[in-house]
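Enquirer: Please read through the structure below; I'll follow up with questions.
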Amino acid sequence: MKVRILGTAAGGGAPQWNCACELCRGARAGDLPSRTQDCLAISGTGQEWYLLNASPDIRSQLLATPELAPGPGRRDTPLRGVLLATAELDHVLGLVMLREGSGLSVWAPSAVLAALATGFGIKGVLDPYGSWAWHEVAAGKAFTLDGGRLTVTAVPIGAKRPRYAAGVEQPGPWVVAYRIEDTVTGGVLLYAPCVASWPDGLDALIAGADCVLLDGTFSSAEEMTGATGRPASATGQAKMGHLPIGGQDGSLAALRRHPGIRRLYTHLNNTNPVLDPASAERAAVEDGGAEIPADGTLLEL
Ligand code: MLT
Ligand code: MN
Ligand code: ZN
């Protein structure tokens, strides 16, 4: 299986348009790498490709990815569809940019589909542009892609719904992780870009994978308080809903339990010190055996 990491930033990207923090200044100046918003492209055969989430940066991400170039026919595209892990705007806005394609499929949990039909209405906006196929993914029920080569399972991982979907009446899960297995190579990818707390069962899933791409939004629980007043992970209405990397109960401590697995962080917020290769937080991630990949990184599993 080929996995092209199209984007590695959380909502807003890095730099974020309205942020003058040190890290965003560094990215603007070219001293730190710019990062587009979290999105992956996967394929078993290399002939058919599927996106994991559809970021608002999808146009530039597709243009930067040779495997996703159109052809040989004038409107042929290797892109077959999109699997959504959440209904957050940074994971779904790219669907609008894909409206020129005809016949794309979208797979998502029922709550995410409901949010797209009512809370946001993007489904009704898109349907007149082409024959979109909307598929509900049921938790734990495997389905196949790429002519049967890839087996996909959605694993419920959280109840965090987008702010725009506060009134959508639909039971969760609102957030899933995707486990994708290449039936030819046996390679297994686990993609979990939104993790509010470490759920039971996540260790077993990681242990059974070759590579995990995990929520790396924040390094610490206090990171956002200066910027928005909403802490990263404290309890209460205003929480951001992302388990920090650092600290005793952070995700890095958990990832340290899996030294044999390739571990990468994605969905990195522009406030996260790990964006700076010279930071202590980045050194801690690397000491823990995890990676901060650049946009465009290719994995082969
Ligand atoms: C998140 O990951 O928590 C959301 O994308 C936040 C947002 O709406 O930008
Ligand atoms: Mn997000
Ligand atoms: Zn910033």
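Enquirer: To the nearest 0.05, what FRET efficiency results for Thr45 and Glu286 with a Förster distance of 22 Å applied to their C-beta separation?
Expert: 0.05
Enquirer: Give, in whole angstrom and from largest to smallest, the semi-axes √(5λ) of the equivalent ellipsoid of the stretch 238-301, with λ running over the eigenvalues of the Cα gyration tensor.
Expert: Working: eigenvalues 66, 48, 33 Å².
Whole-Å semi-axes of the equivalent ellipsoid: 18, 16, 13.
Enquirer: Considering only the chain, what is the antiparallel percent among its DSSP beta bridges, to the nearest 5? Present the calculation step by step, with values, prior to reporting the outcome.
Expert: Values: 27 of 51 bridges.
Percentage antiparallel, nearest 5: 55.
Enquirer: Have a look at the DSSP beta bridges in the stretch 61-188 and tell me what percent are antiparallel, nearest 5.
Expert: Working: 12 of 19 bridges.
Roughly 65 percent of the beta bridges in the stretch 61-188 run antiparallel, per DSSP.
Enquirer: Between His258 and Asp31, what is the label-point separation in nm under the 7 Å Cα-to-beta-carbon projection?
Expert: Label at Asp31, label at His258, 3.5 nm between them.
Enquirer: Test of understanding: what is the full-extension gain from Arg230 to Asp127, defined as 0.36 nm times their sequence separation minus their Cα-Cα distance?
Expert: Numbers: separation 103, 0.36 × 103 = 37.08 nm, distance 3.54 nm.
Additional length available on full extension: 33.5 nm.
Enquirer: May I ask you to compute the full-extension gain from Arg59 to Ala159, defined as 0.36 nm times their residue separation minus their alpha-carbon distance, rounded to one decimal in nm?
Expert: Details: separation 100, 0.36 × 100 = 36.00 nm, distance 2.93 nm.
The Arg59-Ala159 span can extend by a further 33.1 nm.
Enquirer: Which of the peptides 181-193, 281-293, 207-219 is most tightly packed, and how do the rest follow, judged by the mean count of other Cβ atoms within 10 Å per residue?
Expert: Numbers: 181-193: 20.2, 281-293: 17.2, 207-219: 23.6.
Order by mean packing, descending: 207-219, 181-193, 281-293.
Enquirer: Rounded, prolate or oblate, given the Cα gyration tensor of the chain, with a/c below 1.5 counting as rounded?
Expert: Numbers: a/c = 1.35, a/b = 1.28, b/c = 1.05.
Rounded shape, in that the Cα axes give a/c under 1.5.
Enquirer: Same structure again: By the scheme Lys and Arg +1, Asp and Glu -1, what is the net charge of all other residues having a beta-carbon under 9 Å from that of Gly13? Walk me through the numbers on the way to the answer.
Expert: Numbers: positive: Arg35; negative: Asp57, Asp90.
Cβ neighbours under 9 Å give a net charge of -1.
Enquirer: Run the reach check for Lys2 against aspartates and glutamates, Cα to Cα strictly under 19 Å, same-chain hits fewer than 8 apart removed. What comes back?
Expert: Asp38, Glu48, Glu67, Asp146, Glu181, Asp182, Asp210, Glu291, Asp295, Glu300
Enquirer: Quick one: which of 111-119, 250-258, 2-10, 143-151 comes out on top by average Cβ neighbours within 10 Å, and what's the full order, highest first? Kindly include the intermediate steps, with their values, before the conclusion.
Expert: Working: 111-119: 21.9, 250-258: 18.3, 2-10: 25.0, 143-151: 16.4.
Output ranking for 111-119, 250-258, 2-10, 143-151: 2-10, 111-119, 250-258, 143-151.
Enquirer: Now for a different question. Tell me the label-point distance for the pair Asp249, Ala294, using the 7 Å Cα-to-Cβ offset, in nm and rounded to one decimal.
Expert: Result: 3.7 nm between the two label points.
Enquirer: Pull out a ≥ b ≥ c, the square roots of the eigenvalues of the alpha-carbon gyration tensor of the stretch 132-228, then state rounded if a/c is under 1.5, prolate if not and a/b is larger than b/c, and oblate in the remaining case.
Expert: Values: a/c = 2.34, a/b = 1.39, b/c = 1.68.
Here the stretch 132-228 falls in the oblate category.
Enquirer: Let me ask something additional. If the label point is 7 Å along Cα→Cβ of Arg75, which residues in the stretch 34-62 have backbone nitrogen under 16 Å from it?
Expert: none
Enquirer: Mind giving me the nanometre distance, one decimal, between the label points for Ala204 and Thr144, set 7 Å out from Cα along Cα→Cβ?
Expert: 2.5
Enquirer: Take each of the peptides 120-131, 154-165, average the number of other beta-carbon atoms within 10 Å over its residues, and list them starting from the highest. Could the numbers behind the result be given before it?
Expert: On the way: 120-131: 13.8, 154-165: 18.7.
With the highest mean Cβ count within 10 Å placed first, the list reads 154-165, 120-131.
Enquirer: Would you mind working out the magnitude of the charge dipole of the stretch 155-301 relative to its Cα centre, with +1 at each Lys and Arg C-beta and -1 at each Asp and Glu C-beta, to the nearest 20 Debye? Numbers along the way, then the final one.
Expert: Values: 11 positive and 17 negative charges, 90 e Å.
Once rounded to the nearest 20, the dipole reads 440 debye.
Read-outs: derived from the displayed coordinates by stated rules, not from any lab. Note that the structure is predicted; figures quoted are calculated from it, not measured. For neighbour counting, all protein chains shown are included, and Cβ atoms are generated from backbone atoms with ideal geometry for every residue, glycine included.
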